[in-house]
1. In the range 115-166, how many residues are modelled with pLDDT under 95, among the charged types (D, E, K, R) and more than 20 Å from Thr58 (Cβ to Cβ)?
2. List pairs: first residue in the range 76-105 and on the phi > 0 side of the Ramachandran plot and charged (D, E, K, R), second residue part of a loop (DSSP other than H, G, I, E, B) and crowded, with 16+ Cβ neighbours inside 10 Å anywhere in the structure, Cβ distance under 8 angstrom, at least six positions apart or on different chains.
3. Out of the residues in the range 1-40 that are among the charged types (D, E, K, R) and either farther than 26 Å from Ala136 by Cα or surrounded by 14 or more Cβ atoms within 10 Å (Cβ to Cβ) (or both), which is nearest to the chain's Cα centre (by Cα)?
4. Go through the range 41-67 and give me each residue that's buried (at least 19 other Cβ atoms within 10 Å of the Cβ) and more than 11 Å from the chain's Cα centre (by Cα).
5. Does any residue in the range 135-158 that is farther than 13 Å from Phe31 by Cβ come within less than 8 Å, Cβ to Cβ, of a residue that is surrounded by fewer than 20 Cβ atoms within 10 Å (Cβ to Cβ) and of a type in the set (Lys, Arg) six or more places away or on a different chain, and which pairs are these?
6. Residues Ser69, Ser76, Ser63, Ser46: which one is small (Gly, Ala, Ser) and modelled with pLDDT under 95?
7. Filter the range 99-114 for residues that are surrounded by fewer than 20 Cβ atoms within 10 Å (Cβ to Cβ) and hydrophobic (A, V, I, L, M, F, W, C); which is modelled with the lowest pLDDT?
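The values are calculated or read from the model by the stated rules, or taken from the named source; none is laboratory data. All values derive from a computational prediction rather than experimental measurement. So basically every Cβ, Gly included, is an ideal-geometry build from the backbone, and we count neighbours across all protein chains shown.
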Amino acid sequence: MTRPERFRIPAQIALAALVAYGAGFWFTSLFPGYLPKIGALWSAISAIVVTQVTRRETRASASLRVLGSAIGALTSATYLSLLPFHPVGMALAIFATVLICTALNVPSHGRLAAITVIVVMVTASLDPRLNPGLNALLRLAESCIGTGVALVAVWLWPDLSAQTGADDSPNQP
């Protein structure tokens, strides 16, 4: 691995997080009262989680992120539509979310789905007046923003190993 190649992943992650933070903040700002800093944070976290060493791994991570976030958003929105936030309720929603992922035969999506439940529910606890459905939908959209930014960052980044003639390019499609 060349010296510039060693800095590629850290630079991709940092740049993707920065762009996702800005995009998430802007997007969530379109919805007054829905905490744009949470949107920025969630978008940046998503970009960091999705960015992997290779393009193929990044694509796989992106699908895991989006499906897991959708399941977690749906579960937490359902819970919050019926009951107010409570830590025990959050744990039960996490249990149900991971169980749903297992039942859908996507158990590896359970962790990211559970993280989405926590973000949606803690956000709801910060302001119980937030509409549960819109809150969950915003968290899903922010996750998709960060995921999209990570995909674009990895695909647009120059493949330095291809320029040096290395055979083990970590950025091959």
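1. Counting residues in the range 115-166 that are modelled with pLDDT under 95, among the charged types (D, E, K, R) and more than 20 Å from Thr58 (Cβ to Cβ) gives 2.
2. No pair meets every condition.
3. Of the residues in the range 1-40, the ones among the charged types (D, E, K, R) are 3, 5-6, 8, 37.
From what's left, either farther than 26 Å from Ala136 by Cα or surrounded by 14 or more Cβ atoms within 10 Å (Cβ to Cβ) (or both): 3, 5-6, 8.
Details: Arg3: 29, Glu5: 25, Arg6: 24, Arg8: 21 Å.
Among them, the one singled out is Arg8.
4. Scanning the range 41-67 gives Gln52, Thr58.
5. Note: pairs meeting the criteria are Leu151/Arg59; Val154/Arg55; Trp155/Arg55.
6. Values: Ser69 fails: modelled with pLDDT under 95; Ser76 fails: modelled with pLDDT under 95; Ser46 fails: modelled with pLDDT under 95.
Of the residues listed, the single one that is small (Gly, Ala, Ser) and modelled with pLDDT under 95 is Ser63.
7. The first filter runs over the range 99-114 and keeps only residues surrounded by fewer than 20 Cβ atoms within 10 Å (Cβ to Cβ), leaving 99-100, 102-108, 111.
Those still in the list that are hydrophobic (A, V, I, L, M, F, W, C) too: 99-100, 103-104, 106.
Numbers: Leu99: 97, Ile100: 96, Ala103: 96, Leu104: 93, Val106: 89.
So the residue we want is Val106.
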